[in-house]
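Asker: Supplied in C-alpha coordinates, the structure appears directly below.
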Amino acid sequence: MSTHSVHSHNFLGAAHDANAKRTLWVVTLTVVMMVGEIAAGYITGSMALLADGFHMATHAGALGIAAAAYAYARKHSENSAYSFGTGKVGDLGGFASALILGLISLGIGVESVLRLFEPSQVQFTTATVIAVIGLFVNIASALLLAGGGHEHGHSHDHSHGHHGHSHGQDNNLRSAYVHVLADAVTSVMAIVALLAGRFLGWVWLDPLMGIVGSLVIARWAWSLMQDTASVLLDKTDEHVAEEIRELLDQAAQFQITDLHVWRVGPAARAAIVSVQGPRGFSADEVRATLVAVHEVTHLTIEYRTVGN
(Lines give C-alpha, C1' and ligand atoms only; values in the text may rest on other atoms or scores of the structure.)
Protein backbone atom coordinates (compact mmCIF):
# COMPACT_ATOMS: atom_id res chain seq x y z
CA MET A 1 0.00 0.00 0.00
CA SER A 2 1.30 3.49 -0.79
CA THR A 3 0.14 6.73 0.74
CA HIS A 4 0.88 10.35 0.09
CA SER A 5 -0.54 13.64 1.27
CA VAL A 6 -2.17 16.04 -1.16
CA HIS A 7 -0.18 19.26 -1.21
CA SER A 8 1.25 21.93 -3.46
CA HIS A 9 4.15 21.05 -5.76
CA ASN A 10 5.54 24.56 -5.48
CA PHE A 11 9.14 23.90 -4.44
CA LEU A 12 10.64 27.24 -5.51
CA GLY A 13 11.80 28.21 -2.03
CA ALA A 14 11.03 31.22 0.13
CA ALA A 15 13.76 33.38 -1.44
CA HIS A 16 12.70 32.80 -5.06
CA ASP A 17 10.98 36.13 -5.71
CA ALA A 18 13.63 38.16 -3.85
CA ASN A 19 16.39 36.44 -5.84
CA ALA A 20 14.51 37.13 -9.07
CA LYS A 21 14.41 40.87 -8.26
CA ARG A 22 18.11 40.88 -7.41
CA THR A 23 18.90 39.25 -10.74
CA LEU A 24 16.81 41.75 -12.72
CA TRP A 25 18.68 44.65 -11.08
CA VAL A 26 22.01 43.05 -11.98
CA VAL A 27 20.87 42.48 -15.59
CA THR A 28 20.00 46.18 -15.81
CA LEU A 29 23.36 47.28 -14.40
CA THR A 30 25.24 44.91 -16.71
CA VAL A 31 23.40 46.08 -19.83
CA VAL A 32 24.01 49.76 -18.98
CA MET A 33 27.73 49.10 -18.45
CA MET A 34 27.90 47.00 -21.62
CA VAL A 35 26.42 49.83 -23.72
CA GLY A 36 28.81 52.33 -22.10
CA GLU A 37 31.89 50.20 -22.80
CA ILE A 38 30.95 49.52 -26.43
CA ALA A 39 30.18 53.23 -27.03
CA ALA A 40 33.47 54.27 -25.39
CA GLY A 41 35.33 51.71 -27.45
CA TYR A 42 33.98 53.14 -30.72
CA ILE A 43 34.61 56.75 -29.62
CA THR A 44 38.20 56.16 -28.45
CA GLY A 45 39.05 53.52 -31.03
CA SER A 46 40.07 51.15 -28.22
CA MET A 47 39.78 47.50 -29.21
CA ALA A 48 40.33 46.55 -25.56
CA LEU A 49 37.18 48.38 -24.51
CA LEU A 50 35.19 47.00 -27.43
CA ALA A 51 36.30 43.47 -26.62
CA ASP A 52 35.38 43.91 -22.94
CA GLY A 53 32.03 45.44 -23.93
CA PHE A 54 31.08 42.50 -26.12
CA HIS A 55 32.45 40.14 -23.47
CA MET A 56 30.05 41.80 -21.00
CA ALA A 57 27.25 41.33 -23.54
CA THR A 58 27.66 37.56 -23.24
CA HIS A 59 27.42 37.90 -19.45
CA ALA A 60 24.27 40.01 -19.88
CA GLY A 61 22.81 37.21 -21.99
CA ALA A 62 23.64 34.62 -19.34
CA LEU A 63 22.16 36.79 -16.60
CA GLY A 64 19.09 37.19 -18.81
CA ILE A 65 18.78 33.39 -18.84
CA ALA A 66 18.82 33.42 -15.03
CA ALA A 67 16.10 36.09 -14.92
CA ALA A 68 14.00 34.18 -17.48
CA ALA A 69 14.38 30.98 -15.45
CA TYR A 70 13.01 32.72 -12.35
CA ALA A 71 10.04 34.09 -14.31
CA TYR A 72 9.25 30.74 -15.97
CA ALA A 73 9.50 28.83 -12.69
CA ARG A 74 7.12 31.25 -10.96
CA LYS A 75 4.62 31.30 -13.83
CA HIS A 76 4.38 27.49 -13.98
CA SER A 77 4.90 26.72 -10.29
CA GLU A 78 1.39 25.27 -9.91
CA ASN A 79 1.18 23.71 -13.39
CA SER A 80 0.17 20.06 -12.99
CA ALA A 81 2.05 19.20 -16.19
CA TYR A 82 5.24 19.28 -14.10
CA SER A 83 5.10 16.25 -11.84
CA PHE A 84 7.41 17.72 -9.20
CA GLY A 85 6.91 21.42 -9.91
CA THR A 86 9.38 23.82 -11.48
CA GLY A 87 11.89 24.00 -8.64
CA LYS A 88 14.69 22.73 -10.90
CA VAL A 89 14.22 25.31 -13.67
CA GLY A 90 16.83 27.41 -11.89
CA ASP A 91 19.32 24.55 -12.09
CA LEU A 92 18.63 24.26 -15.82
CA GLY A 93 19.32 28.00 -16.17
CA GLY A 94 22.45 27.60 -14.06
CA PHE A 95 23.72 24.77 -16.28
CA ALA A 96 23.12 26.86 -19.42
CA SER A 97 24.95 29.79 -17.83
CA ALA A 98 27.85 27.51 -16.87
CA LEU A 99 28.19 26.44 -20.51
CA ILE A 100 28.24 30.09 -21.61
CA LEU A 101 30.78 30.90 -18.91
CA GLY A 102 32.99 28.04 -20.15
CA LEU A 103 32.84 29.38 -23.71
CA ILE A 104 33.69 32.87 -22.43
CA SER A 105 36.76 31.54 -20.61
CA LEU A 106 37.84 29.71 -23.76
CA GLY A 107 37.42 32.85 -25.87
CA ILE A 108 39.36 34.99 -23.39
CA GLY A 109 42.14 32.39 -23.23
CA VAL A 110 42.52 32.14 -27.03
CA GLU A 111 42.45 35.93 -27.51
CA SER A 112 44.99 36.40 -24.69
CA VAL A 113 47.41 33.88 -26.20
CA LEU A 114 47.15 35.61 -29.61
CA ARG A 115 47.81 39.03 -28.03
CA LEU A 116 50.76 37.62 -26.12
CA PHE A 117 52.52 36.96 -29.42
CA GLU A 118 51.05 39.95 -31.27
CA PRO A 119 50.61 42.84 -28.77
CA SER A 120 47.98 45.41 -29.74
CA GLN A 121 47.96 49.19 -29.25
CA VAL A 122 46.10 50.10 -26.05
CA GLN A 123 44.92 53.54 -24.83
CA PHE A 124 45.90 52.85 -21.25
CA THR A 125 44.35 55.90 -19.55
CA THR A 126 40.88 55.66 -21.08
CA ALA A 127 40.78 51.88 -20.79
CA THR A 128 41.80 52.05 -17.11
CA VAL A 129 39.04 54.55 -16.26
CA ILE A 130 36.39 52.38 -17.94
CA ALA A 131 37.76 49.23 -16.28
CA VAL A 132 37.53 50.90 -12.84
CA ILE A 133 33.93 51.94 -13.50
CA GLY A 134 33.20 48.38 -14.61
CA LEU A 135 34.72 47.04 -11.40
CA PHE A 136 32.45 49.25 -9.28
CA VAL A 137 29.43 48.01 -11.26
CA ASN A 138 30.52 44.42 -10.62
CA ILE A 139 30.95 45.09 -6.90
CA ALA A 140 27.47 46.64 -6.72
CA SER A 141 26.04 43.65 -8.58
CA ALA A 142 27.84 41.18 -6.30
CA LEU A 143 26.45 42.94 -3.21
CA LEU A 144 22.94 42.72 -4.68
CA LEU A 145 23.29 38.99 -5.25
CA ALA A 146 25.29 38.06 -2.14
CA GLY A 147 22.33 37.93 0.24
CA GLY A 148 20.26 35.35 -1.63
CA GLY A 149 22.46 32.30 -2.16
CA HIS A 150 20.77 30.06 0.41
CA GLU A 151 17.39 29.54 1.97
CA HIS A 152 17.89 30.91 5.47
CA GLY A 153 17.06 29.11 8.66
CA HIS A 154 17.61 25.64 7.28
CA SER A 155 20.83 24.71 9.01
CA HIS A 156 20.22 22.20 11.75
CA ASP A 157 21.83 19.51 13.84
CA HIS A 158 19.80 16.33 14.13
CA SER A 159 19.82 14.53 17.43
CA HIS A 160 20.40 11.20 15.74
CA GLY A 161 23.98 11.90 14.87
CA HIS A 162 24.31 14.28 11.92
CA HIS A 163 26.39 17.40 12.08
CA GLY A 164 24.84 20.73 11.24
CA HIS A 165 24.58 21.47 7.54
CA SER A 166 23.01 23.90 5.17
CA HIS A 167 20.89 22.91 2.20
CA GLY A 168 18.97 25.09 -0.19
CA GLN A 169 21.52 26.67 -2.48
CA ASP A 170 19.88 28.44 -5.40
CA ASN A 171 22.04 27.43 -8.37
CA ASN A 172 20.31 29.94 -10.64
CA LEU A 173 21.34 32.81 -8.36
CA ARG A 174 24.75 31.21 -7.95
CA SER A 175 25.24 31.20 -11.73
CA ALA A 176 24.43 34.93 -11.86
CA TYR A 177 26.82 35.54 -8.97
CA VAL A 178 29.61 33.59 -10.67
CA HIS A 179 29.18 35.64 -13.86
CA VAL A 180 29.46 38.85 -11.82
CA LEU A 181 32.55 37.54 -10.03
CA ALA A 182 34.07 36.54 -13.36
CA ASP A 183 33.57 40.09 -14.61
CA ALA A 184 35.06 41.49 -11.40
CA VAL A 185 38.14 39.26 -11.68
CA THR A 186 38.73 40.24 -15.30
CA SER A 187 38.26 43.92 -14.37
CA VAL A 188 40.82 43.72 -11.53
CA MET A 189 43.31 41.90 -13.73
CA ALA A 190 42.72 44.40 -16.53
CA ILE A 191 43.31 47.34 -14.18
CA VAL A 192 46.56 45.82 -12.88
CA ALA A 193 47.75 45.05 -16.40
CA LEU A 194 46.78 48.48 -17.77
CA LEU A 195 48.55 50.31 -14.93
CA ALA A 196 51.65 48.14 -15.39
CA GLY A 197 51.56 48.78 -19.13
CA ARG A 198 51.21 52.53 -18.69
CA PHE A 199 53.81 53.10 -15.95
CA LEU A 200 56.22 50.16 -16.36
CA GLY A 201 55.88 49.37 -20.05
CA TRP A 202 54.86 45.78 -19.32
CA VAL A 203 52.61 45.37 -22.34
CA TRP A 204 52.91 41.59 -22.05
CA LEU A 205 51.15 41.60 -18.65
CA ASP A 206 47.75 42.39 -20.20
CA PRO A 207 47.44 39.12 -22.19
CA LEU A 208 49.10 37.15 -19.37
CA MET A 209 46.43 38.35 -16.94
CA GLY A 210 43.85 37.36 -19.53
CA ILE A 211 45.17 33.79 -19.55
CA VAL A 212 45.13 33.58 -15.75
CA GLY A 213 41.60 35.03 -15.66
CA SER A 214 40.37 32.53 -18.24
CA LEU A 215 41.66 29.63 -16.12
CA VAL A 216 39.94 30.97 -12.99
CA ILE A 217 36.65 31.44 -14.85
CA ALA A 218 36.91 27.96 -16.40
CA ARG A 219 37.29 26.43 -12.95
CA TRP A 220 34.19 28.25 -11.67
CA ALA A 221 32.23 27.19 -14.75
CA TRP A 222 33.22 23.54 -14.29
CA SER A 223 32.21 23.57 -10.62
CA LEU A 224 28.84 25.14 -11.40
CA MET A 225 28.27 22.69 -14.26
CA GLN A 226 28.96 19.71 -12.01
CA ASP A 227 26.61 20.89 -9.28
CA THR A 228 23.72 21.77 -11.60
CA ALA A 229 24.13 18.58 -13.65
CA SER A 230 23.87 16.45 -10.51
CA VAL A 231 20.53 18.11 -9.70
CA LEU A 232 19.20 17.76 -13.26
CA LEU A 233 20.15 14.06 -13.28
CA ASP A 234 18.38 13.49 -9.92
CA LYS A 235 21.55 12.51 -8.10
CA THR A 236 20.80 10.98 -4.70
CA ASP A 237 21.06 13.40 -1.79
CA GLU A 238 23.22 11.12 0.36
CA HIS A 239 22.91 13.23 3.48
CA VAL A 240 19.10 13.07 3.51
CA ALA A 241 19.12 9.41 2.47
CA GLU A 242 21.40 8.61 5.41
CA GLU A 243 19.05 10.44 7.77
CA ILE A 244 16.17 8.31 6.56
CA ARG A 245 18.17 5.09 6.94
CA GLU A 246 19.23 5.98 10.49
CA LEU A 247 15.73 6.86 11.62
CA LEU A 248 14.23 3.66 10.22
CA ASP A 249 17.11 1.56 11.59
CA GLN A 250 16.35 2.95 15.04
CA ALA A 251 12.75 1.80 14.59
CA ALA A 252 13.84 -1.84 14.50
CA GLN A 253 10.51 -3.12 13.16
CA PHE A 254 11.05 -1.47 9.77
CA GLN A 255 13.42 -2.57 6.99
CA ILE A 256 14.10 -0.46 3.88
CA THR A 257 13.87 -2.37 0.60
CA ASP A 258 14.20 0.61 -1.76
CA LEU A 259 15.04 4.29 -1.30
CA HIS A 260 15.18 7.26 -3.66
CA VAL A 261 15.96 10.83 -2.54
CA TRP A 262 16.50 13.71 -4.93
CA ARG A 263 16.31 17.49 -5.08
CA VAL A 264 13.18 19.14 -6.52
CA GLY A 265 13.90 22.72 -5.47
CA PRO A 266 16.54 24.86 -3.74
CA ALA A 267 15.31 23.82 -0.28
CA ALA A 268 13.15 20.81 -1.15
CA ARG A 269 13.75 17.10 -1.54
CA ALA A 270 11.44 14.35 -2.73
CA ALA A 271 11.72 10.80 -1.41
CA ILE A 272 10.24 7.41 -2.29
CA VAL A 273 10.70 4.90 0.51
CA SER A 274 9.79 1.23 0.24
CA VAL A 275 9.59 -0.45 3.65
CA GLN A 276 8.66 -3.88 4.91
CA GLY A 277 7.59 -4.61 8.45
CA PRO A 278 5.26 -6.67 10.66
CA ARG A 279 1.48 -6.66 10.54
CA GLY A 280 -0.20 -4.06 12.69
CA PHE A 281 1.89 -1.25 11.22
CA SER A 282 1.26 0.85 8.12
CA ALA A 283 2.76 3.62 6.02
CA ASP A 284 1.40 6.12 8.56
CA GLU A 285 3.83 4.87 11.22
CA VAL A 286 6.71 5.11 8.76
CA ARG A 287 5.69 8.67 7.87
CA ALA A 288 5.56 9.60 11.56
CA THR A 289 9.06 8.17 12.04
CA LEU A 290 10.41 10.32 9.21
CA VAL A 291 8.73 13.58 10.21
CA ALA A 292 12.10 14.83 11.58
CA VAL A 293 13.62 14.86 8.07
CA HIS A 294 12.74 18.49 7.36
CA GLU A 295 14.33 18.59 3.89
CA VAL A 296 11.77 16.14 2.46
CA THR A 297 8.71 18.06 1.28
CA HIS A 298 7.28 15.32 -0.96
CA LEU A 299 7.27 11.86 0.61
CA THR A 300 5.86 8.68 -0.92
CA ILE A 301 5.86 5.51 1.16
CA GLU A 302 5.25 1.91 0.14
CA TYR A 303 4.66 -0.44 3.07
CA ARG A 304 4.63 -4.24 2.76
CA THR A 305 3.88 -6.59 5.61
CA VAL A 306 6.02 -9.65 6.32
CA GLY A 307 5.41 -12.63 8.58
CA ASN A 308 2.18 -13.56 10.30
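Asker: If R₀ is 35 angstrom, what is the calculated FRET efficiency for the pair Trp204 and Ser230, using the beta carbon separation as r and rounding to 0.05? Walk me through the numbers on the way to the answer.
Answerer: On the way: r = 40 Å, r/R0 = 1.15.
That gives a FRET efficiency of 0.30.
Asker: So what is the relative contact order of the range 218-308, in percent, for Cα pairs below 8 Å that sit 6 or more residues apart?
Answerer: Once divided by the residue count of the range 218-308, the mean separation gives 26 percent.
Asker: So, one more: For every other residue with a beta carbon closer than 10 angstrom to the beta carbon of Lys88, add +1 if it is Lys or Arg and -1 if Asp or Glu, then tell me the sum.
Answerer: For residues surrounding Lys88, the net value is -1.
Asker: Tally Lys and Arg at +1 and Asp and Glu at -1 over the other residues with C-beta under 12 Å from the C-beta of Val212: what net charge comes out?
Answerer: Taking every Cβ under 12 Å from that of Val212, the sum is 0.
Asker: How much net charge surrounds Ser274 when only other residues with a Cβ under 12 Å from its Cβ are counted (Lys, Arg +1; Asp, Glu -1)?
Answerer: On the way: positive: Arg304; negative: Asp258, Glu302.
Summing Lys and Arg as +1 and Asp and Glu as -1 gives -1.
Asker: Among 220-229, 285-294, how do they line up from the highest to the lowest mean number of other beta-carbon atoms within 10 Å? Provide the component values of the computation, followed by the final result.
Answerer: Values: 220-229: 18.2, 285-294: 16.5.
Ranked by mean Cβ neighbours within 10 Å, highest first: 220-229, 285-294.
Asker: Starting from the Cα of Glu111, step 7 Å toward the Cβ, then list every residue of the range 187-207 with an amide N under 20 Å from that point.
Answerer: Correct set: 187-198, 203-207.
Asker: Once you put a point 7 Å from the Cα of Phe136 and another 7 Å from the Cα of Ala18, both along the Cβ direction, what distance in nm separates them?
Answerer: Taking the simple label geometry, Phe136 and Ala18 are separated by 2.8 nm.
Asker: Quick one: which of 243-250, 74-81 comes out on top by average Cβ neighbours within 10 Å, and what's the full order, highest first?
Answerer: 243-250, 74-81
Asker: Out of residues 5 or more away from Val264 or on other chains, whose amide H comes under 5 Å of its own, with H placed 1.01 Å from N in the peptide plane?
Answerer: Arg269, Ala270
Asker: While we're on this one: Heavy-atom accessible area per residue, the range 161-308, 1.4 Å probe: how many Å²?
Answerer: Values: 6820 Å² over 148 residues.
Heavy-atom SASA per residue in the range 161-308 reads 46 Å².
Asker: At q = 0.16 Å⁻¹, what log₁₀ I(q)/I(0) does a Debye calculation on the Cα points of the range 219-295 give, no solvent, two decimals?
Answerer: Each listed q maps to, in turn, -0.63.
Asker: To continue, here is another question. Counting only protein heavy atoms, what percent of the accessible surface of the range 179-274 is carbon or sulfur at a 1.4 Å probe? Don't jump to the answer; show the numbers that get you there.
Answerer: Working: 2690 of 4390 Å².
Here it works out to 61 percent.
The values are calculated or read from the model by the stated rules, or taken from the named source; none is laboratory data. Keep in mind the model is a prediction, meaning the values are calculated, not measured. All Cβ positions, even for glycine, are placed from backbone atoms using ideal geometry, and neighbour counts span all protein chains on display. Remember, those area values only see protein heavy atoms, side chains included, never the ligands or the DNA or RNA. Shrake-Rupley method; radii C 1.70, N 1.55, O 1.52, S 1.80 Å.
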